[in-house]
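First the structure, in the form of structure tokens, and then the observations on it.
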Amino acid sequence: MPAAAPGPHDRPVVPIRRSLFLHSPIHRSPHTVLQRLLDVVDDDTPPSGPDGPVARLERRIADLLGTESALFFPTGTMAQQVALRIHAERRGRKAFAAHPQSHLDVWERRGYHVVHGLRFHPVGDRHQLMTGADLAAIDEPLAAVVWELPQRDIGGQLPEWDELCGQVATARSLGAAAHLDGARLWEAQTYYRRPFDEIAVLFDTVYVSLYKALLGIRGAVLAADAATLGEAAVWRSRLGGAIHDAWPLALAGLAGLDTLLPRMPAFREHAIALATAINTDGMALAWPDPPQTPIFHVHLPAPKRDVERAGEAMVAERGVQLFGRVLSAPDPRRCSFEVTVGEQAMEFAPEEVVALLRELLDRAVAGPSPA
């Protein structure tokens, strides 16, 4: 009987030895994550209750953001949809406004509408930051306005502080609540250089992620006043988010707050050094120039598929990974990828990143190697 054709799960695992990609598997192995957890737990740590990891995490986030309370959620998707639903029901309005590239719309399969019956009102140019004039031009009643700080899909850009304050004031003049998609608030603070509570006080509700820059397992926290979070706890239960034994997720978040949050300013400085070297070389474009946060995009003069193929070859031959995914561009001759600087990128000197990008582009232009 002939052997069966190999399936997708039969492909050999490519050994990645070094990676510029923040969430590369080599940085999220179970052993690595579990080792971090052991550093923040002792024999007397209970799994739940007021002294358990979840309660400790909620108090710590509330203290850090200066809010009355904080509530753990298993995912940021759930946390943000719950916040928007509460704002909508309180105001008797179904629409919320956000940047056209809002994570809520681009990456979450319109869950806000399918699950909660809400409408999304995109505001402004999808390739630029939302402005106060964009908000002032909205002509439908809004339940809330959402700010993603920084705006990831346009390179991690941020509005200037006075502009942000003015936008929030405009939203409130429209009768809308102000909600912060703060999945990357930890990075945004390095640009504003203001205490976290001074940023959070602008908003009615604030969501933060435990697994992006903090490299936790999963999980999110919604911060607000106690009454709002009382309603949020009901919705969390209805949506299946009141999970028992969430302590590993909370412990991983606490570990990130202890070890990675203090390093965010250094990560931003390294992002600036990397972007400066890339732009000085001129083969690719790092944007924003300079980065406002530890996040920036690298724009390449080559088609997406060619860059993906070249990147796979570099991993296979050298064990070096430059990106997690490649983004297409309106110009089919160009593409881009995101760099988020964390401890993984600190291992890459600016001149090495430039050399790796040149190699990537040389491989992309040269085409596939002969079989």
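The values are calculated or read from the model by the stated rules, or taken from the named source; none is laboratory data. What you are looking at is a predicted structure, and each value in this text was computed from that prediction instead of being measured. Note that we place each Cβ from the backbone using ideal geometry, even for glycine, and neighbour counts take in every protein chain shown. To get the accessible areas, we keep the full protein, side chains included, count just its heavy atoms, and leave off ligands, DNA and RNA. Shrake-Rupley method; radii C 1.70, N 1.55, O 1.52, S 1.80 Å.
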Report the GluC sites (Glu not before Pro) located in the range 132-205 that are in a DSSP loop and have at most 12 other Cβ atoms inside 10 Å of their Cβ, or state none. 160
In square angstrom, what is the accessible area per residue of the range 34-122 with a 1.4 angstrom probe? 49 Å²
Extension reserve of the residue 327-residue 161 stretch, reckoned as 0.36 nm per residue once the Cα distance is removed: 56.9 nm
Compute the length gained on full extension between residue 44 and residue 289: take 0.36 nm times their separation in residues and subtract their Cα-Cα distance, giving the result in nm to one decimal. 83.3 nm
Taking 0.36 nm per residue of separation between residue 242 and residue 259 and subtracting their Cα-Cα distance, the length gained on full extension comes to 3.4 nm
With every protein chain kept in place and ligands, DNA and RNA left out, what is the accessible area per residue of the range 164-269? Probe 1.4 Å, answer in Å². 34 Å²
Could you please state, rounded to a whole Å, how far the C-alpha centre of the range 25-54 is from the C-alpha centre of the range 228-306? 21 Å
Suppose every K and R has +1 on its Cβ and every D and E has -1 on its Cβ; what is the size of the dipole of the chain about the Cα centre, in Debye to the nearest 20? 1000 debye
Expressed as cubic angstrom per residue, what is the convex hull volume of the alpha carbon set of the range 137-282? 153 Å³
For the range 252-307, inverting the pair-averaged 1/r of distinct alpha-carbon atoms gives a Kirkwood value in Å of 12.7 Å
Given the chain, what percent of its DSSP beta bridges are antiparallel, to the nearest 5? 55 percent
Using just the helices of the chain, give the 222 nm mean residue ellipticity in deg cm²/dmol: DSSP H runs with n ≥ 4 each add -39,500 (n - 2.57), and the total is spread over all residues, rounded to 500. -12500 deg cm²/dmol
Log entry: pair-distance distribution for the range 229-356, C-alpha pairs binned every 5 Å from zero, whole % per bin is 2, 9, 15, 16, 15, 11, 10, 9, 8, 5, 1
Just grab the label-to-label distance for residue 193 and residue 27, each label 7 Å out from Cα along the Cβ direction, in nm (one decimal). 2.5 nm
Sort out for me the Cα centre separation of the range 113-129 from the range 309-369, rounded to whole Å. 31 Å
A 1.4 Å probe over the protein heavy atoms gives the chain a carbon and sulfur accessible-area percentage of 54 percent
Give me the one-decimal Kirkwood hydrodynamic radius in Å for the chain, with the sum taken over alpha-carbon pairs. 22.0 Å
What number, in nm² with one decimal, is the all-direction average of the projected area of the convex hull of the alpha-carbon atoms of the range 186-265? 5.7 nm²
How large is ³J(HN,Hα) for each residue in the range 49-59, as worked out from phi by the Karplus curve 6.51 cos²θ - 1.76 cosθ + 1.60 (θ = phi - 60°), to whole Hz, x for Gly and Pro? x, x, 9, x, x, 5, 5, 5, 4, 4, 5
